[in-house]
Amino acid sequence: MKKRYKLLTILKKIKKNSLFNSLGTLNNEKNKLENINLELQQLLDKSSFKQGAIISSSQLKNNSYFRENINEKIEISRNRKLHIEKEISGYVGQISKV
């Protein structure tokens, strides 16, 4: 009986450590996504034209395509961050159960 109890406590510790490791990895990924999102937002802000500047239609078209592409990447990183936050809350729930 004592061997089973020891075995179960060891398995419980292993599972808890595994969950903590996964949680740490998700937190690191979330931080990276926040940094990426910030850099993309800064890039988007820098790519805007100054008011009153004279630009050609090709410049406007290229800048518009570039800004659209950056906006898509920002949206993807936001969605990924939301998904990771849901995963983190799931892991926290599992850790509290263990």
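Here are some notes:
- If only residues of the range 57-78 that are farther than 30 Å from residue 88 by Cβ and either in contact with a strand residue (DSSP E or B) (Cβ under 6 Å, 6 or more places away or on another chain) or in contact (Cβ under 8 Å) with a residue 12 or more places away in the chain (or both) are counted, the one that is least open to solvent (accessible area, probe 1.4 Å) is 63.
- Applying the set (1) under 30 Å from residue 13 (Cβ atoms); (2) modelled with pLDDT of 90 or more to residue 76 leaves exactly one unmet item: (1).
- One residue stands out in the range 56-98 among those that are more than 20 Å from residue 39 (Cα to Cα) and of a type in the set (Gly, Ala, Ser): the one that is nearest to the chain's Cα centre (by Cα), namely 89.
- Residues satisfying the stated conditions in the range 37-56, i.e. open to solvent by 80 Å² or more (accessible area, probe 1.4 Å) and at pLDDT 90 or above: 38, 39, 42
- One residue from 15, 30 being touching a residue at least 40 places away in the same chain (Cβ under 8 Å), among the charged types (D, E, K, R) and open to solvent by less than 80 Å² (accessible area, probe 1.4 Å): 30
- Taking the range 1-48 as the range and being assigned to a helix (DSSP H, G or I), over 26 Å from residue 79 (Cα atoms) and of a type outside the set (D, E, K, R) as the test, the residues that pass are 5, 7, 8, 9, 10, 11, 14, 17.
The values are calculated or read from the model by the stated rules, or taken from the named source; none is laboratory data. Everything numeric in this text was worked out from a predicted model, so none of it was measured. When we count neighbours, we look across all protein chains shown, and the Cβ atoms used for this are built from the backbone with ideal geometry, even at glycine. To get the accessible areas, we keep the full protein, side chains included, count just its heavy atoms, and leave off ligands, DNA and RNA. Shrake-Rupley method; radii C 1.70, N 1.55, O 1.52, S 1.80 Å.
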